[in-house]
1. Return the total of residues in region 143-172 being hydrophobic (A, V, I, L, M, F, W, C), closer than 30 Å to residue 45 by Cα and touching a Leu at 6+ places or on another chain (Cβ under 7 Å).
2. Which residue is farthest from residue 67 (Cα to Cα), if the candidates are limited to region 150-178 and must be among the acidic types (Asp, Glu) and at pLDDT 90 or above?
3. What's the number of the condition residue 373 fails, among (1) surrounded by 19 or more Cβ atoms within 10 Å (Cβ to Cβ); (2) free of Cβ contacts under 8 Å to residues at least 12 places away in the same chain?
4. Kindly indicate whether any position in region 343-365 is loosely packed, with under 12 Cβ neighbours inside 10 Å, modelled with pLDDT of 90 or more and not acidic (Asp, Glu).
5. So which residues in region 319-345 are under 23 Å from residue 263 (Cβ atoms) and either in a helix (DSSP H, G or I) or among the polar types (S, T, N, Q) (or both)?
6. Tally the residues that are part of a strand (DSSP E or B), of a type in the set (Val, Ile, Thr) and either under 30 Å from residue 263 (Cα atoms) or in the same structural domain as residue 366 (by TED's automatic domain parsing) (or both), restricting the search to region 32-70.
7. Step by step: first the residues of region 302-318, then only those that are surrounded by fewer than 16 Cβ atoms within 10 Å (Cβ to Cβ) and assigned to a loop (DSSP other than H, G, I, E, B), then the one that is farthest from the chain's Cα centre (by Cα). Which residue is that?
8. Spot the failing condition for residue 299; the list is (1) in contact with a Pro (Cβ under 7 Å, 6 or more places away or on another chain); (2) farther than 23 Å from residue 9 by Cβ, and only one is missed.
Amino acid sequence: MLPEPNYPVSPEQFIGRKTPSEAFTLALQQGLAAGRISSFAVLGDWGIGKSSLLLKFAAICSDPKYGILPVLVPVSTDYGDYRRFAESLLDGLAEALAATSSLTTRLRTEVRNWKLKRVSMGGFTLDREAQRFFLSSGSTLLRHALGEAWKRFFLPAQISGAMFFLDDLDNFATPVAQDVARTLRDQFQWLGINRMNYSVCFSARSDYFSAIRSFAEPAVRFYTKFYLEPFSAEETAEYAEAAFRTHEKLHGLLRWLYEKTLGHPYFLAFICRELLACTQGSVPESPEHLWPHVFQQLERNKFRLDLAQVPERELELLRTLAGAQRDEINPRHFIPAFQYAHFGRLTEKGLLIRTGRGRYKLYHPLFSEFLRQTK
């Protein structure tokens, strides 16, 4: 396996996350038995492996013994409204249906011709490209289109259901970020009640549901949630063994890697890639001797890019927090020199992580080290 920190890991090379993978598989089995599959939320901070886990889940769905059609839809920041979002889901469904081997040649031709550009509703046929769109609501569009797809394609092809994998749902900017999850819950719950086996699995930041006051609220309870943490020491070892393609001579390197990365998948992949480049694919005898070069690459390819759009005042706050060398930070200790809004904006940029009410931390100790070195 060649470490590539800037791309999700393919399901064939997926490492770790045994607990969520097994829980997802069990939920899939139970959902098929009940005729209604659960929906899921994969939550975690930047670089923790959310996209890779979504791809792994999608691969599990596509196993013939489950027969669930995975529909992969990256969520863009440029959706203007929910209708455009709904249309992207339908386009993704059409592409996934056209590619599946479960459809007969006739049905596949129908899907390609249809492309979900037309939605039948009662005695009406509504063209998505018409100048005036009768279904002004994206919710209504999605509900009727999925209903028609179920009757025209899923039932004849005996496909058990479909799961929409929505990567980075928090990219869809709405006045209240969780409104999209609420709307999806309402729609997909209605579809399930009406015996149409559609579900959703989305990824988002770990604090995605934090604005919802009660975790007992239906919009929260609807999703089975997986909160991703950094790799354990065992998972870190498994990753390094795959990257260096050996079990030998790794004991000292494994301990060193875990101390540097704390199991963070992005930094683990980045550092392994740089070590392999320095040693031409062999296990380094003394990784600490190579650390200045590796850290320089991190500075150039990650940390300086992190700060490219950070105003001077927020940069000053980051350096102050790094200099404090605390595991967690309470903003009130830095007021009035800085404002609470500074903490909020840095959290939005992913440079601070909100660990609890009134508690923050820099997103990784290596970033803190960089800030201290560049004062």
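The values are calculated or read from the model by the stated rules, or taken from the named source; none is laboratory data. Computed from a predicted structure; not experimentally measured. When we count neighbours, we look across all protein chains shown, and the Cβ atoms used for this are built from the backbone with ideal geometry, even at glycine.
1. So the first thing to find is which residues in region 143-172 are hydrophobic (A, V, I, L, M, F, W, C), and the list is 145-146, 149-150, 153-155, 157, 159, 162-166, 169, 172.
Checking the rest, the ones that are also closer than 30 Å to residue 45 by Cα come to 162-166, 169, 172.
Those still in the list that are touching a Leu at 6+ places or on another chain (Cβ under 7 Å) too: 162, 164-165.
Selection size over region 143-172: 3.
2. First, pick out the residues of region 150-178 that are among the acidic types (Asp, Glu): 167-168, 170.
If we keep only those that are at pLDDT 90 or above too, we end up with 167-168.
Numbers: 167: 21, 168: 25 Å.
The qualifying residue farthest from residue 67 (Cα to Cα) is 168.
3. (1)
4. First pass over region 343-365, keeping only residues loosely packed, with under 12 Cβ neighbours inside 10 Å: 348, 356-357.
When the remaining residues are screened for being modelled with pLDDT of 90 or more, the result is none.
Within region 343-365 (the criterion being loosely packed, with under 12 Cβ neighbours inside 10 Å, modelled with pLDDT of 90 or more and not acidic (Asp, Glu)), the answer is no, since none of the residues qualifies.
5. From region 319-345, those under 23 Å from residue 263 (Cβ atoms) are 321-322, 325-329; that's our starting set.
Those that are under 23 Å from residue 263 (Cβ atoms) and either in a helix (DSSP H, G or I) or among the polar types (S, T, N, Q) (or both): 321, 322, 325.
6. So the first thing to find is which residues in region 32-70 are part of a strand (DSSP E or B), and the list is 39-43, 68-70.
Those left that are additionally of a type in the set (Val, Ile, Thr): 42, 68.
Still in the list and also either under 30 Å from residue 263 (Cα atoms) or in the same structural domain as residue 366 (by TED's automatic domain parsing) (or both): 42.
Total satisfying the criteria: 1.
7. Keep residues of region 302-318 that are surrounded by fewer than 16 Cβ atoms within 10 Å (Cβ to Cβ), which gives 304-305, 308-309, 311-313, 315-316.
Narrowing the set further to residues that are assigned to a loop (DSSP other than H, G, I, E, B) leaves 308-309, 311.
Numbers: 308: 24, 309: 23, 311: 28 Å.
It comes out as 311.
8. Among (1) in contact with a Pro (Cβ under 7 Å, 6 or more places away or on another chain); (2) farther than 23 Å from residue 9 by Cβ, the lone unmet condition for residue 299 is (1).
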